[in-house]
Structures are given as structure tokens and as C-alpha cells.
Ligand SMILES: Nc1ncnc2c1ncn2[C@@H]1O[C@H](COP(=O)(O)OP(=O)(O)O)[C@@H](O)[C@H]1O
Ligand SMILES: [Mg+2]
């Protein structure tokens, strides 16, 4: 049956974004150019987590809404519910290359995400006359956001991780950039010749041409912003995002399916162990938050320990699944 969804969450890569994603709505058209090459083909990334990801039906829908509307996706939820991995899962299935990663702390500013300029090294090189110090692009490196906004033909995936840790101004600063889809590099635009080949967030030495001191996007990037809910966002910000809330897997069947994706043969061999620990996980979860990856670690550890000696798997599992919130004492210890 036909589906409007380009991202299906089936963990099988395909190229349908090229043929099936409709052009953007008029109010989200961007005309940057000339087109730059896609991410460096030799760029390796570890897609194993992405290839094991099982999104919820709602996650699939909201991802597609963000793709169609060229809007950022704001993903909230407790730790370990798969917020960060969702970005990689989309990049993997849609063949969009390695996701760009921008981890946020209270010290991070918009400028850090856009680009950095290193005038000191330039001055030093000028003195030594070893390289062409007039080649200013050598001293300019685009950050993860700046790189995502290059005029690529297909969207890059950008993960703005834990945006709720940011300084108060960052969400609004981002809003402006997301509306315009472009930014200026004054160090370039003020020059007589504003064109330069600049470095990107992807790798060491590959460079990309910025023609007139502005980076202008062409395909709006697929932006995932994650939040553990430590702070509320301004209404103007929320209005321009597609929102998604993630929670722990709803039932034992879904959790078991996630385990199967991650542990493959191990989970089939040790179905008894999996069902014991999944049961334990849900029982303990009533007393406080636990994260899916804690269970994955517990399973791995118990499986290997139990191969060597008769261990009490429930006791061992409890030691590596401490509560991440809630009242740690409330389950009787
Ligand atoms: N729906 C899911 N399907 C498969 N693996 C998942 C899922 N949700 C979480 N995980 C796994 O749990 C771990 C934590 O996920 P992560 O994306 O880092 O969570 P968050 O960013 O919400 O803290 C990762 O190893 C991830 O692969
Ligand atoms: Mg995360």
C-alpha cells in the first residue's frame, strides 16, 4: 500500500528521499548555491546503533512531518529513551551520511555552532611566511550547524543534543537562523574578495567554497534537538518546531524486540535470561526511572557471567541498573 512516509523506521537503507520527497512549501524554500558535494564519501561512521533502532509509530510520523515541512524536530523525554539515536536512525535509513553532532552546554553560543576563526595562527603563519596566510579559509572552520547549512542537494542530519542545557538565549538565536537558513561570516564578507575555501565540521582538511561571505542552505537540514525536559522553551520556539515526546518502551514485547535488534543471536540463545531481566526491568521501573541501555548492559553482563558460573542474575542486574531518577530507596532498599 502507498504511504506518504519517506522515513519508515524499518532499519533498511533506501534512496526514496531523492524521488519521493515533495519540494518544500513556498515559505520554506532556500536557494543557496552553488551545490556542494555531499559529505565526503570516505567519511566512515559507526551506524550500528542506528541500524538497531526501533522508532515508535509517533516518532516515524513526526520525523516525516519535519522532513516535509523543513522544520526542526524537538524531541523530549527521560534519558535513555532513544532521543539522540533517532537522528542517526534517520540518517542511516535515508542514506544522508554521518550525522553532524553538536553537544550543548551552558557555555555554548550560537557562534560556536556556526564557525570558528583562528586569527592567531594566521598571524603566526604570516610572520613565518611558510604558507599563504592570505588564504583565509585555512583559518575558518564551520561548526556543526554551519556545516549543516551548506548548499547540499540533500539534507544533512544535525543533532543538537541536550538543548535544555543551553544558555537562555540560544533557542531564540537558533530560531532566527532556522528561519533564514543562512548566516554571514563577517571575516569574509568584509574583504575585497569575500570568496574562500573553508574547513568544515566533517573532517580535517577537506574544504568547501563559500562565495560571498554567506553560507546559504539549499536543502534545509534534518535537525533533531533533544531535551531531557530540564527547562521549558518559549512559545515562539515551540511553534516553529515539530515536537515529539519519547518514553520508555510501552510493554515487554516492544522491549524484547529492541533487545533482539541490539543483541541478535545472544537474545535468541538466552530467551530465558531475556525474559527474566525484562520482567525485572518493568517491576523495578515502577519505583523510579530506568533506561533501555541499562537493561542492555545488564543482559550483556549477566549472559557472560552466567556462562562461567551460576550467578544470581537478578542481583547482578540490579547492581548495573541504578535508578536515574525517582526515589532510589522506594523499592525497599
Ligand atoms: N527504540 C529504540 N530502539 C533501539 N534501541 C534503543 C531505542 N531506544 C533506546 N535505544 C538504545 O538505548 C540507548 C540509549 O539511547 P539514546 O539515544 O542515547 O537515549 P537518549 O538520547 O534519550 O538519552 C542506545 O544504545 C540506543 O541504541
Ligand atoms: Mg541523548
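Nothing in this text is a laboratory measurement; each read-out follows from the coordinates by a stated rule. Everything quoted here is computed from the prediction, not taken from an experiment. Backbone-built Cβ (ideal geometry, glycine too); neighbour counts: all protein chains shown.
Each DSSP beta bridge with both residues in the chain is either parallel or antiparallel, and the antiparallel ones are about 35%.
Legend: ranking of residues 69, 149, 158 from fewest to most surrounding C-beta atoms inside 10 Å; resulting order 69, 158, 149.
Using Cα atoms only, what is the angle between the long axis of helix 271-285 and the major principal axis of the chain, expressed in degrees (0 to 90) to the nearest 10? With both axes taken from Cα atoms, the answer is about 80 degrees. Stretching residue 182 away from residue 250 to a fully extended chain increases their span by 20.4 nm, per 0.36 nm per residue minus the current alpha-carbon distance.
To the nearest ten degrees, helix 83-94 and the longest principal axis of the Cα atoms of the chain are 70 degrees apart. Can you give me the angle between helix 170-180 and the longest principal axis of the chain, using Cα atoms only, in degrees from 0 to 90, rounded to the nearest 10? So the inclination is approximately 60 degrees.
Apply 1/(1 + (r/R0)^6) to the Cβ-Cβ distance of residue 192 and residue 4, taking R0 = 45 Å, and write down the FRET efficiency to the nearest 0.05. Efficiency, rounded to the nearest 0.05: 0.35. Assuming a viscosity of 0.692 mPa s and a temperature of 37 °C, what translational diffusion coefficient in µm² per second does Stokes-Einstein assign to the stretch 105-228, Rh being the Kirkwood radius over Cα pairs? D = 214 µm²/s. Descending by average beta-carbon neighbour count within 10 Å, the peptides 18-27, 275-284 line up as 275-284, 18-27, the highest first.
Averaging the Cα positions of each part gives two centres, and for the stretch 250-288 and the stretch 204-225 these lie 42 Å apart. Centre-to-centre separation between the Cα atoms of the stretch 145-197 and those of the stretch 90-133: 11 Å.
The length gained on full extension between residue 315 and residue 12, counted as 0.36 nm times the residue separation minus their Cα-Cα distance, comes to 105.3 nm.
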